[in-house]
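Dumping the structure here so I can ask a few things about it.
The values are calculated or read from the model by the stated rules, or taken from the named source; none is laboratory data. For clarity, every value in this text was computed on a predicted model and none was experimentally measured. Heads up, the Cβs are rebuilt from the backbone with ideal geometry, glycines too, and the neighbour counts pull from every protein chain shown. Calculation scope for accessible area: heavy atoms of the full protein, side chains included, ligands and nucleic acids excluded. Shrake-Rupley method; radii C 1.70, N 1.55, O 1.52, S 1.80 Å.
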Amino acid sequence: AIASSVAPGQKLLVVDNGVFGARLGEIAALHEIATVRVAYPAGEVARVADVEAALDADSAIRAVAVCHHETSVGLLNPVGQLGALCRERDVLLLVDAVSSLGAEDLDVERDRIDVCWSSANKCLHAISGVGFVCVHPRVWERIDDIEPRSYYLDLRRYRDAADLAQTPFTPAVQNFFALEAACDEFLEDGHAARVHMYAGRNAKVRAGLERLGMPPFTRTGKESHTLVTARLPARHTFDTLQAALRAEGYIIYNCKPPLAGRYFQVANMGELAPETLDGFLAVLAQVVGSA
């Protein structure tokens, strides 16, 4: 999406409030796309006014890239407000929805997102191996004359193949069937029900961790419903906590710098039974209590 959407001589504005926002800028740099960074310390939600000021200051910015869910800190960025701003300024909005699609309130039309990408696994409950991109019709005329920067990852090549109900290269067919089944299940449940389910799961994990003395990293009101970033318990390093939980069949995730060593993450993505969450919290209580 990034390599296909910014023409030579144009700039990409990158919203960077975590590791994955920073990665968008790294991708652009790899393709020699000039970038403007609107950066924040870890734990801050992006502010639309800052993006607006950056657009005012540089007319060469023709696209804005942002992570809907900045997974490294567990915060949701205001893509709807950014979409309104970008459409008003006639600038493309590129959104990473890899860890939010299926669990959060997101609508590419309502939020005026021009290019949105996500993955079959995580909150759609399929298996890894399929990524997909949703492209607004207004994007194609803007990118038709951009020389491809990648052979395999040129959006226009996929558009041309899609006209024939194909992909341009041999697909992982079994993964497509798995995604189709997952989408059927999602539609049967309904978007609102899935969002409600994820909110309930996350509230249970968040409350359980806090009861055990592991408060969340942020309390902005913009936390995601798919994971919790929590402080490591007293008398535990990440390695000792991970080893104790792994021995009981549960996996937690280490935070990336600058939170590594002080915080850890628990995801509640995927096909999880309520008993799994209860079991995790019970085991965690035993581990912390016996430390």
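Determine, yes or no, whether L93 is touching a Cys at 6+ places or on another chain (Cβ under 9 Å), part of a loop (DSSP other than H, G, I, E, B) and either buried (at least 22 other Cβ atoms within 10 Å of the Cβ) or at pLDDT 95 or above (or both).
no
A further question follows. Does any residue in segment 268-289 that is within 14 Å of L227 (Cα to Cα) come within less than 7 Å, Cβ to Cβ, of a residue that is open to solvent by less than 20 Å² (accessible area, probe 1.4 Å) and among the polar types (S, T, N, Q) six or more places away or on a different chain, and which pairs are these?
As it stands, the answer is N268/N202; N268/T226; M269/T226; L277/N268, since those pairs meet every condition given.
Condition check ((1) of a type in the set (A, V, I, L, M, F, W, C); (2) open to solvent by 60 Å² or more (accessible area, probe 1.4 Å); (3) closer than 30 Å to Q10 by Cβ) across all residues:
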site: D145; (1), (2), (3): no, yes, yes
site: D154; (1), (2), (3): no, no, yes
site: R157; (1), (2), (3): no, yes, yes
site: A172; (1), (2), (3): yes, no, no
site: N175; (1), (2), (3): no, no, no
site: E185; (1), (2), (3): no, yes, no
site: G221; (1), (2), (3): no, yes, no
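Those residues that are open to solvent by 50 Å² or more (accessible area, probe 1.4 Å) and in contact with a Ser or Thr (Cβ under 6 Å, 6 or more places away or on another chain), I need them from segment 98-138; list them, please.
Scanning segment 98-138 gives L101, K122, G131.
Look through F238, F264 and report the one residue that is aromatic (F, W, Y), over 25 Å from S128 (Cα atoms) and either buried (at least 17 other Cβ atoms within 10 Å of the Cβ) or without any contact (Cβ under 8 Å) to a residue 24 or more places away in the chain (or both).
F238
Can you list the strands (runs of 3 or more DSSP E) lying wholly within segment 1-82 that have 3 or more residues being open to solvent by 20 Å² or more (accessible area, probe 1.4 Å)?
The qualifying strands (runs of 3 or more DSSP E) are 34-39.
Can you list residue pairs whose Cβ atoms sit under 9 Å apart, with the first residue in segment 33-50 being among the acidic types (D, E) and the second being at pLDDT 95 or above and crowded, with 17+ Cβ neighbours inside 10 Å? Count only pairs 6 or more apart in sequence or on different chains.
Every condition considered, the pairs that remain are E44/N17; E44/V73; E44/L75; D50/V15; D50/V38; D50/Y40.
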